[in-house]
Amino acid sequence: MQKIEWSDEVYGLGIKRIDDQHKQLLNLINALSQIGQSDKPVDPEFVKKVVNTLVDYTKNHFADEEKLLKRLHYPDYPNHSLAHRRFISQVEEFRDAFQNSPDSKVLTNKIATFLSDWLTRHILVEDKEYVKYMFSGSGPI
Ligand SMILES: [Fe+2]
Ligand SMILES: [Fe+2]
């Protein structure tokens with residue numbers, strides 16, 4: 001996959017705390033994709049550690065975002081948080097696949113591509129949707 005370049009125009013939501021977290025997540029995904037694309041053999045233990053960091057960081061980000069959505073009484077909260085849950089279990093499945101992966105390079109690339117596709121789409125579509133609501137004046141703040 002191609003390195004994802006952060007740009008405020010494309011990915012920025014205008015909420016600094018959330019934008020910083022998204023940036024950090026994209027950095028971690030870029031790092032994972034670099035491991036998958038390097039000439040050196042992939043160390044499955046190391047990749048597992050990177051993916052674990054990503055899972056932890058993503059969980060924290062989702063918790064933070066969900067707190068904000070609750071505070072906003074965001075009507076689509078159930079769907080949004082369900083999408084978060086599904087994503088986490090999918091990534092955990094990938095991570096567990098490393099347990100007995102004969103070709104960890106293919107798997108590393110697969111994970112990096114999945115993460116990058118999902119996250120960029122989620123920011124551009126679902127996250128931007130709550131920002132629209134937030135600034136539409138229909139919310140309580
Ligand atoms: Fe997000
Ligand atoms: Fe989200």
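Here are the numbers:
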{"quantity": "Filtered residues of region 65-87 (kept if loosely packed, with under 13 Cβ neighbours inside 10 Å and either assigned to a helix (DSSP H, G or I) or in contact with a Phe, Trp or Tyr (Cβ under 6 Å, 6 or more places away or on another chain) (or both))", "calculated": "LYS67, LYS70, ARG71, PRO78, ASN79, LEU82, ARG85, ARG86"}
{"quantity": "Complete set of residues in region 15-62 that are part of a loop (DSSP other than H, G, I, E, B), surrounded by 18 or more Cβ atoms within 10 Å (Cβ to Cβ) and without any contact (Cβ under 8 Å) to a residue 40 or more places away in the chain", "calculated": "none"}
{"quantity": "Top-ranked residue in region 98-117 [being more than 27 Å from ASP64 (Cβ to Cβ) and of a type in the set (S, T, N, Q); ranked as farthest from ligand 2 (Cβ to nearest atom)]", "calculated": "ASN100"}
{"quantity": "Residue satisfying condition, being more than 30 Å from GLY137 (Cβ to Cβ) and within 16 Å of ligand 2 (Cβ to nearest atom), within set ARG86, ARG95, ARG121, ARG17", "calculated": "ARG86"}
{"quantity": "Test result for VAL131, surrounded by 12 or more Cβ atoms within 10 Å (Cβ to Cβ), β-branched (Val, Ile, Thr), touching a residue at least 60 places away in the same chain (Cβ under 8 Å) and on the phi < 0 side of the Ramachandran plot", "calculated": "yes"}
{"quantity": "Among (1) surrounded by fewer than 16 Cβ atoms within 10 Å (Cβ to Cβ); (2) within 15 Å of ligand 1 (Cβ to nearest atom) - the single one THR120 does not satisfy", "calculated": "(1)"}
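Only the coordinates and a few stated rules stand behind these numbers; no lab work does. Here the structure is a predicted model, which is why all the values come from computation and not from measurement. All Cβ positions, even for glycine, are placed from backbone atoms using ideal geometry, and neighbour counts span all protein chains on display.
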